[in-house]
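Take a look at the structure set out below.
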Amino acid sequence: MGAAQDKLVDGLYGLGWAGVRKLPEPAAVALGRRIADFAWKRRGKSVLRLESNLARVVPDAGPERLRELSRAGMRSYMRYWMESFRLPTMDPKRFSTDVEFKDEHLLREALASGRGVVVALPHLANWDLAGAWAIGHIGSPFTTVAERLKPESLYDRFVAYRESLGMEVLPHSGGAAFGTLARRLRSGGLVCLVADRDLSASGVEVDFFGSTARMPAGPALLAQQTGAVLLPATLHYGDTPKMYGRIHPEVEVPKAGTRAEKTTAMTQAVADAFAWGIAEHPQDWHMLQRLWLDDLEERTQ
């Protein structure tokens, strides 16, 4: 991406942040749906990749069903963006009324234990809104990491946005993030990580919907190293403005095995929880990139 294109992309996102948050909520919802339908009808690479990914999640779906799912998926994806643009101006009281988690007591009890908590989530529904819920409803600020986006100014916008919600954001690149996360956990803090796609190519291979994918080892390694509670969480949308989630039971550290074996077993357990949530609500899984290893290998051939 050249400097001129970088500037254009950053300008468009800046326009979204400045403009969409000023729209009445029904207007923002309608705008997001129109943009989603336009993108879906163009059948670009991202839409086709989403459809290919959904074909693995819903293997019995025929072409017509997959097209329906991908259209719903693009609408869900744009709903995420419209909500995110508006989130900094949302009344914090809505985090309790518009977001509802099943088994939230598991998170509260884990935080009360003082061991520190790692919550691992997939790209389902709106993970930023879930973070705002944790801060506003549970009363627990947390630390997360963010992929360095290009242009750098766009990454800075994302960091500033998430920090405005009360999150501590660390850059994904570099080795310092893991140490900082470990320190936060040892002090009894909360760490939230989106963990259904490995960005380092050094993740753990897992069985995911019958094929091999690679997911980050970080959540399992942090739990092993610090003694923190590892809780998978999944999300899905209801009718606007409701979002629902589930806190899954703790993924415990196996009593036997090498560190690598324990990490693999724990990451597989997290992947299984993700698969449950994605299978229940495939239209809310915003995976518009290649994920499975055979798809990645196909790209490099």
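The values are calculated or read from the model by the stated rules, or taken from the named source; none is laboratory data. What you see is a predicted model; the values in this text were computed from it and never measured. Don't worry about glycine lacking a Cβ; one is built from the backbone with ideal geometry, like all the others, and counts go over all protein chains shown. Ligands, DNA and RNA are excluded from the accessible area calculation, which covers all protein heavy atoms including side chains. Shrake-Rupley method; radii C 1.70, N 1.55, O 1.52, S 1.80 Å.
Couple of notes before you dig in:
- Selection within the stretch 246-270 - surrounded by fewer than 22 Cβ atoms within 10 Å (Cβ to Cβ), within 23 Å of ARG56 (Cα to Cα), touching a strand residue (DSSP E or B) at 6+ places or on another chain (Cβ under 9 Å) and among the hydrophobic types (A, V, I, L, M, F, W, C): ALA269
- Cross-chain or 6+ apart pairs with Cβ under 6 Å, the stretch 43-69 first and open to solvent by less than 30 Å² (accessible area, probe 1.4 Å), then part of a loop (DSSP other than H, G, I, E, B) and hydrophobic (A, V, I, L, M, F, W, C): LEU50/LEU288; ASN53/MET287; VAL57/PHE209
- Meets criteria (within 18 Å of the chain's Cα centre (by Cα) and closer than 30 Å to ALA30 by Cα) for GLY203: no
- Sole exception among (1) open to solvent by less than 20 Å² (accessible area, probe 1.4 Å); (2) touching a residue at least 60 places away in the same chain (Cβ under 8 Å) for PRO241, by number: (1)
- Annotation: of all residues in the stretch 244-286 being polar (S, T, N, Q) and assigned to a helix (DSSP H, G or I), the one that is nearest to the chain's Cα centre (by Cα) is GLN283.
- Scanning the stretch 187-219 for residues that are of a type in the set (Gly, Ala, Ser), open to solvent by 30 Å² or more (accessible area, probe 1.4 Å) and closer than 28 Å to PHE95 by Cβ returns a single hit, SER187.
Yes/no per residue for (1) of a type in the set (Ser, Thr, Tyr); (2) touching a Cys at 6+ places or on another chain (Cβ under 7 Å); (3) over 25 Å from ALA269 (Cβ atoms):
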position: MET78; (1), (2), (3): no, no, yes
position: THR97; (1), (2), (3): yes, no, yes
position: HIS137; (1), (2), (3): no, no, yes
position: SER140; (1), (2), (3): yes, no, no
position: ALA160; (1), (2), (3): no, no, yes
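- Looking across the stretch 147-188, the residues that are at pLDDT 80 or above and not in a helix (DSSP H, G or I) come down to LEU165, GLY166, MET167, GLU168, VAL169, LEU170, PRO171, SER187, GLY188.
- Each residue in the stretch 111-126 was checked for being closer than 13 Å to THR234 by Cβ and open to solvent by less than 40 Å² (accessible area, probe 1.4 Å), and 7 pass.
- Test: THR234 is buried (at least 17 other Cβ atoms within 10 Å of the Cβ), modelled with pLDDT of 95 or more, of a type outside the set (Phe, Trp, Tyr) and in contact with a Phe, Trp or Tyr (Cβ under 9 Å, 6 or more places away or on another chain): yes
- GLY114 being modelled with pLDDT of 90 or more, within 23 Å of ARG183 (Cβ to Cβ), in contact with a Gly (Cβ under 7 Å, 6 or more places away or on another chain) and small (Gly, Ala, Ser): yes
- Beta carbons closer than 8 Å, at least 6 apart along the sequence or on distinct chains, pair a first residue in the stretch 92-108 that is more than 19 Å from TYR237 (Cβ to Cβ) with a second that is open to solvent by 40 Å² or more (accessible area, probe 1.4 Å) and among the acidic types (Asp, Glu) for LEU106/GLU250.
- Residue count for the stretch 60-111, restricted to those that are in contact with a strand residue (DSSP E or B) (Cβ under 7 Å, 6 or more places away or on another chain), outside any helix (DSSP H, G or I) and more than 19 Å from PRO141 (Cβ to Cβ): 4
- Only one of ARG94, ARG108, ARG184 that is surrounded by fewer than 18 Cβ atoms within 10 Å (Cβ to Cβ) and more than 19 Å from THR240 (Cβ to Cβ): ARG108
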